[in-house]
Amino acid sequence: MSRNNVHLSKDEETAINVGKRKSSNIVIVKIKAKEFVNDGNKLFISKNGVYLADFIPAKYIDVTPIYIT
């Protein structure tokens, strides 16, 4: 599968459900989406409700991951 965008979930529960399709060990990384958009960056919403971005600069990534096992 070829991906051209960063795929984001709207909430933690959705991210966990999507992550479990591939592995039982999941790491949730939060994005400062409000700040990202307020700074003029674009988020798109696909037909199936997935948020997409071309790129997420490091300053918008919360570096405190949540581990789900």
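The values are calculated or read from the model by the stated rules, or taken from the named source; none is laboratory data. In this text the structure is predicted, and so the values were computed from the model without any measurement. Don't worry about glycine lacking a Cβ; one is built from the backbone with ideal geometry, like all the others, and counts go over all protein chains shown. Note: accessible area is taken over every heavy atom of the protein model, side chains too, but ligands, DNA and RNA are not part of it. Shrake-Rupley method; radii C 1.70, N 1.55, O 1.52, S 1.80 Å.
Per DSSP helix of 4 or more residues, -39500 (n - 2.57); summed, then divided by the residues of the chain. What does that give at 222 nm, rounded to the nearest 500?
-5000 deg cm²/dmol
Determine how large the accessible area of V27 is when every protein chain is in place; take a 1.4 Å probe and give Å² rounded to the nearest 10.
Number for this one is 80 Å².
I need the GluC sites (Glu not before Pro) found in the chain, filtered to DSSP loop residues with at most 15 other beta carbons within 10 Å of theirs.
Details: sites: E12, E13, E35; in loops: none.
In loop regions of the chain (DSSP not H, G, I, E or B), there are no sparsely surrounded GluC sites (Glu not before Pro).
Please give me, ordered by residue number, the trypsin sites (Lys or Arg not before Pro) of region 9-47 that lie in loop per DSSP and have at most 11 other Cβ atoms within 10 Å.
R21, K22, K42, K47
List, in order, the whole-Hz ³J(HN,Hα) value for each residue of region 8-23 obtained from phi through the Karplus relation with A = 6.51, B = -1.76, C = 1.60 and θ = phi - 60°; use x for Gly and Pro.
10, 9, 6, 7, 5, 4, 5, 4, 5, 4, 5, x, 5, 5, 10, 7
Please give the solvent-accessible surface of D54 in Å², to the nearest 10, using a probe radius of 1.4 Å with every protein chain present.
The accessible area of D54 comes to roughly 110 Å².
Between (1) 14.0; (2) 13.0; (3) 12.2, which matches Kirkwood radius over Cα pairs in Å calculated for the structure shown?
Recomputing Kirkwood radius over Cα pairs in Å here picks out (2).
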